[in-house]
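K.L.:
What follows is a single structure, and I will ask about it in a moment.
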């Protein structure tokens, strides 16, 4: 698997990241171990989690697997703090709680999710600075921020002598909202882009073309609204185009959709999520897929008017409407 530098930093991560949104809820520890082993065996390094996944259970599961199942130096641990506001004290307390669940004294990347207009940006930046200077985080980033917000945080961090490493955002053929502003801002400030939900919250796999499978996230009370965000007549045309491309390439719609995001300008890693090892192996097949220019252009064209027709997806919403980024 391709290894890429995260923005202008010295941190390198795999071009596909392992999302853990379902861990501790739909994915138990044994299935999570199978996913992690398959991911690392395929050359993956980036594990993306959050303090709210499974109400913290996802981080706890990772803490039981690293380093007991997978050596610590084989992976890049990234966690995102959600739902505590942007005050320095609350952020650092949340980070410490994540570290305890993860069973480590340091994460490689710590991201703060959501812009909080009630807290001065410089206070949030001081928490990010403290995380790095204390050794609790190797690098820091933001998630769920708009272009000007990410750019402002990056500027403040630079004044504190620390480079902001990343911005995490939803990005797929069904969510191209980051392209006009956020991706150029990230490039201008040297931020790596971590793209969550590259499969359009599962819709781009084609599993919902003819209804809602009983065992799918779309049928789950936890995720029905989350998946439903991208189920529309407009998105159906894009899904059909992806399926057609996959047929022509002899691969799966899942692999086509994931490869499209992975290779977009500015994207460092596409974060994929799965309930079990079999689903994950399907996503990892994208590592072998290189989209021909003609197919890429056709997919770009069919999805280019999505925001104008639908108004675009809300970047901040997550599976529980709490703002959590998702794999």
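K.L.:
Where in region 266-323 are there helices (runs of 4 or more DSSP H), lying wholly inside it, with at least 1 residues that are within 15 Å of the chain's Cα centre (by Cα) and at pLDDT below 90?
P.N.:
Hits in region 266-323: 277-284.
K.L.:
Tell me, please, whether a residue that is touching a residue at least 60 places away in the same chain (Cβ under 8 Å) and in a strand (DSSP E or B) can be found in region 155-167.
P.N.:
Yes, region 155-167 contains a residue that is touching a residue at least 60 places away in the same chain (Cβ under 8 Å) and in a strand (DSSP E or B).
K.L.:
Shifting gears a bit: Consider residue 186 carefully, then state whether it is part of a helix (DSSP H, G or I), touching a strand residue (DSSP E or B) at 6+ places or on another chain (Cβ under 7 Å), modelled with pLDDT of 95 or more and farther than 24 Å from residue 96 by Cβ.
P.N.:
yes
K.L.:
Does residue 132 satisfy being outside any helix (DSSP H, G or I) and in contact (Cβ under 8 Å) with a residue 12 or more places away in the chain?
P.N.:
no
K.L.:
So which residues in region 257-272 are touching a residue at least 40 places away in the same chain (Cβ under 8 Å) and either touching a helix residue (DSSP H, G or I) at 6+ places or on another chain (Cβ under 8 Å) or surrounded by fewer than 24 Cβ atoms within 10 Å (Cβ to Cβ) (or both)?
P.N.:
257, 258, 260, 262, 264, 265, 266, 267, 269, 270, 272
K.L.:
Kindly check whether there is at least one residue in region 117-126 that is under 23 Å from residue 9 (Cα atoms) and within 21 Å of the chain's Cα centre (by Cα).
P.N.:
No: zero hits.
K.L.:
Moving on to the next point. Just checking, which of 141, 135, 146, 161 is crowded, with 24+ Cβ neighbours inside 10 Å and either over 27 Å from residue 273 (Cα atoms) or under 19 Å from the mean Cα position of the chain (by Cα) (or both)?
P.N.:
141
The values are calculated or read from the model by the stated rules, or taken from the named source; none is laboratory data. From a predicted model like this one, the values you see are computed outputs, not experimental measurements. So basically every Cβ, Gly included, is an ideal-geometry build from the backbone, and we count neighbours across all protein chains shown.
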